[in-house]
Amino acid sequence: MSQKDTEFFQPVSGMDLPRFAGVPTFMRLPHVTPDHAAYDQVQIGLVGVPWDAGTTNRPGPRHGPRQLRDLSTMIRAGNPATGVNPFALVNCADLGDVAPNPIDIMDCMDRISRFYAGLKSSGILPVTAGGDHLTTLPVLRGLASDAPVGLIQFDSHTDLFDSYFGGNKYTHGTPFRRAIEEGLVDPRRMVQIGIRGTAYNTEDVEWGEAQGVRIIRIEEFFDRGVADVMAEARDIVGDKPTYCTFDIDFVDPAYAPGTGTPEVGGPNSFQALQVVRELSGLTLIGADLVEVSPPFDAQGNTAWLGASILFEMLCVCAKAISARARDA
């Protein structure tokens, strides 16, 4: 790649253009579409999925990608905690949004799956901004159609329920039950971290554990600490292909109030960054950050935290791609 091409993929610096100016893209990266000359050089694509048709209570995550883009203009190139500059390691770009169908769940999931299957065939690793948590199911359909993958889920809910409202199988409370049933996720290589809150029953937990899912409740998380819990998570998924999904309601609503189903008693914003950093070394095929709901995020703090989590995901994924290329 020429020096000119390398420079194309660098984010716009706040030293050159104020952060409040210009068209907002994820982390001020170039917007690249499939017909763009640089598309075949993209290694990590940041994607928006503005869709929340699976929401069962407080709506709004369909507006998440737009606000996350706006707040992500505050992201700078270097990560001082890990020493990673993802934009110096790999070519990153904003690939725009998957065009949703807000009135047809099945059609929209098909659209999302086709989009991500296209990224997979192009060799682009996606980092996604949702959208409610049902978004992850069609993303996995696009990425894991060949073989089941491991899954690390940061969340306050299992999302392992069977159905809602008289048999509806597709809500933001059901995606990982469907993903296991469809053979997209290997439940023996799946770990859920941060589970808490009141419940109608324990059917979701019992079903998940019967399949082999490791469920780590928030009490255990705090008793053991980030490093110990994440060491176990890395052992569970091993060195095989793994996907990471991060529901912003994993974080205590004192730090992230802008979400549809908040649960008190969760991690703080620093711990949210720590758990993502502990994904380093895994064979990640993609990651997402979901359930940011701008209507409940008056000050933008939730979206700013979400954008910071996306940057940590980007750093981990960029480091992994760079290491694989170096070892090839």
Take Glu203 and decide whether it is within 30 Å of Arg277 (Cα to Cα) and open to solvent by 20 Å² or more (accessible area, probe 1.4 Å). no
Those residues that are more than 23 Å from Val292 (Cβ to Cβ) and hydroxyl-bearing (Ser, Thr, Tyr), I need them from segment 87-141; list them, please. Ser121, Ser122
Selection from segment 260-293 of residues that are hydroxyl-bearing (Ser, Thr, Tyr) and either part of a helix (DSSP H, G or I) or within 22 Å of Arg189 (Cα to Cα) (or both): Ser269, Ser280, Thr283
Of all residues making up segment 215-234, the number that are part of a loop (DSSP other than H, G, I, E, B) and either among the β-branched types (Val, Ile, Thr) or surrounded by 18 or more Cβ atoms within 10 Å (Cβ to Cβ) (or both): 0
Quick one: count up the residues across segment 235-260 that are touching a strand residue (DSSP E or B) at 6+ places or on another chain (Cβ under 9 Å) and surrounded by fewer than 24 Cβ atoms within 10 Å (Cβ to Cβ). 4
Would you be able to tell me the number of residues in segment 17-66 that are open to solvent by 40 Å² or more (accessible area, probe 1.4 Å), of a type in the set (Lys, Arg) and assigned to a helix (DSSP H, G or I)? 2
Residue satisfying condition, being of a type in the set (A, V, I, L, M, F, W, C), under 21 Å from the mean Cα position of the chain (by Cα) and over 24 Å from Met109 (Cβ atoms), within set Val12, Val32: Val32
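How many residues are of a type in the set (Asp, Glu), touching a residue at least 12 places away in the same chain (Cβ under 8 Å) and more than 25 Å from Cys317 (Cβ to Cβ) when one looks only at segment 11-51?
At the first step, the residues of segment 11-51 found to be of a type in the set (Asp, Glu) are 16, 35, 40.
The next check asks that each one be touching a residue at least 12 places away in the same chain (Cβ under 8 Å); those that pass are 40.
Filter again for more than 25 Å from Cys317 (Cβ to Cβ), leaving none.
Final tally of qualifying residues: 0.
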Index of the failed condition, Glu291 passing every other in (1) touching a His at 6+ places or on another chain (Cβ under 8 Å); (2) at negative phi: (2)
Any hit, segment 43-56, residues being over 25 Å from Asp110 (Cα atoms) and under 20 Å from the mean Cα position of the chain (by Cα): no
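Criterion first (of a type outside the set (Ser, Thr, Tyr) and at positive phi) does Gly238 satisfy it?
Working: of a type outside the set (Ser, Thr, Tyr): yes; at positive phi: yes.
Judged against the criteria, Gly238 is a match.
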When (1) charged (D, E, K, R); (2) open to solvent by 30 Å² or more (accessible area, probe 1.4 Å); (3) part of a loop (DSSP other than H, G, I, E, B) are applied to Lys319, the one that fails is (3)
Taking segment 309-328 on its own, how many of its residues are at pLDDT below 95, within 14 Å of Cys92 (Cβ to Cβ) and among the small types (Gly, Ala, Ser)? 2
When (1) modelled with pLDDT under 95; (2) closer than 25 Å to Glu220 by Cβ; (3) under 19 Å from the mean Cα position of the chain (by Cα) are applied to Ile152, the one that fails is (1)
Subset of segment 283-308 [free of Cβ contacts under 8 Å to residues at least 60 places away in the same chain and either within 17 Å of Asn91 (Cβ to Cβ) or open to solvent by less than 20 Å² (accessible area, probe 1.4 Å) (or both)]: Thr302, Leu305
Restricting to segment 174-190, count the residues that are assigned to a helix (DSSP H, G or I), touching a residue at least 12 places away in the same chain (Cβ under 8 Å) and not hydrophobic (A, V, I, L, M, F, W, C). 3
So for segment 162-183 (the condition being closer than 30 Å to Asp35 by Cβ and out of contact with any His (no Cβ under 8 Å at 6 or more places or on another chain)), does at least one residue qualify? no
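The values are calculated or read from the model by the stated rules, or taken from the named source; none is laboratory data. This one's a predicted model, so the numbers in the text were calculated from it and none came from an experiment. Cβ: placed from backbone, ideal geometry, glycine included. Neighbour counts: every protein chain shown. SASA here: full protein model, heavy atoms, side chains in, ligands and nucleic acids out. Shrake-Rupley method; radii C 1.70, N 1.55, O 1.52, S 1.80 Å.
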